[in-house]
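Before anything else, here's the structure in question.
The values are calculated or read from the model by the stated rules, or taken from the named source; none is laboratory data. This structure is a prediction, so every number in the text was calculated from the model and none was measured. Just so you know, the surface numbers come from the protein's heavy atoms only, side chains and all, with ligands and any DNA or RNA stripped out. Shrake-Rupley method; radii C 1.70, N 1.55, O 1.52, S 1.80 Å.
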Amino acid sequence: CLDEEGKVHEFHSRWRTDDCNDCSCYRSGISCCTSYMTPVDYDNEKCESVFNEETCSYKVVEKDDHSKECPVHSWVG
């Protein structure tokens, strides 16, 4: 399989892209999906989600104090 970056991957191989997608190569083509969960149910007035590209994960923190995490009631991904 030839990915978006022009790299060749063997059939039945798996890899993670720079933009945090998990991909697999099959004879029928490449399949990719996000490797992370996205927070959807939290206090949007008080908190904000911050994406960490190194860990491919979200953290939900208070807008005024990023050292304080907020509770998340639901994630999708």
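Specify which of the listed residues (Cys20, Cys56) is on the phi > 0 side of the Ramachandran plot and not assigned by the TED database to the domain that holds Glu5.
The unique qualifying residue is Cys56.
Condition first: within 30 Å of Lys7 (Cα to Cα), of a type in the set (Asp, Glu) and at pLDDT below 95. Can you find one or more residues in the range 43-53 that meet it?
Yes: one or more hits.
While we're on this one: Just the residues that are part of a strand (DSSP E or B), open to solvent by less than 90 Å² (accessible area, probe 1.4 Å) and either among the acidic types (Asp, Glu) or more than 18 Å from Asp22 (Cα to Cα) (or both), please, taken from the range 37-77.
Within the range 37-77, Pro39, Val40, Asp41, Cys47, Glu48, Ser49, Val50, Val60, Val61, Glu62, Ser74 qualify.
When the residues of the range 3-14 are filtered to those that are open to solvent by 40 Å² or more (accessible area, probe 1.4 Å) and at pLDDT 95 or above, which remaining residue is nearest to Thr55 (Cα to Cα)?
Here the answer is Arg14.
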